Amino acid sequence: MSAESSGPSRDFSYWRLRFRAWRGGRPFWAGLLTLVGGVPIAWLPYAEIKIGHLTMAMATTAGAGSLIIGVLLVTLGLTMWYHHIVRVFAGVASILLALVSIPVSNLGGFGVGFLLALTGGALSISWAPARPDAPGEPVGGAVGPDHTYETSVDANGGRNSAG
């Protein structure tokens, strides 16, 4: 009897390729930057930073507003990942929330959360899904005498009929 499993191998390269395929079909970096940008905006107004024996508290009256903005940015980052069809709305909303975080939450998390959320929103707006190769274009997108062209003829004006 063998010590090896008879099932399919699920090694690291398999999961890496699956993650790469998943990441390629959505605005991954836009969602990540927006999600990470919401953390300092929500966390800094409640944090107590200790430097030696000196304790700095950044508690403001707008702590609840900072928490709401941070949670919404994290939610928008996840939305960009899992519902990429609304990426433009999520991008515009994250840019607006980043701008609102400047006066509300300690200059937008001391500029770090503001810049991350602003960049993530801009990436989300500008992201577009990959376009599959259209019929009649060179296969693989290359042009030259060595490359073949894919040709197909659509009968009946491009409509298909079954039967």
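Relative contact order, percent, of region 24-126 when contacts are C-alpha pairs under 8 Å separated by at least 6 residues?
40 percent
Can you bin region 7-128 into rounded, prolate or oblate? Criterion: square roots of the alpha carbon gyration tensor eigenvalues sorted a ≥ b ≥ c, rounded for a/c under 1.5, prolate for a/b above b/c, oblate for the rest.
oblate
How much FRET efficiency would the formula 1/(1 + (r/R0)^6) give for residue 17 and residue 50, where r is the Cβ-Cβ distance and R0 is 45 Å, rounded to 0.05?
Rounded to the nearest 0.05, the efficiency is 0.55.
Bear in mind that the values in this text are calculations on the coordinates, not laboratory data. Treat the numbers as computed from the prediction; the structure is a model and nothing was measured. Glycine gets a Cβ as well: all are built from the backbone with ideal geometry, and neighbour counts include every protein chain shown.
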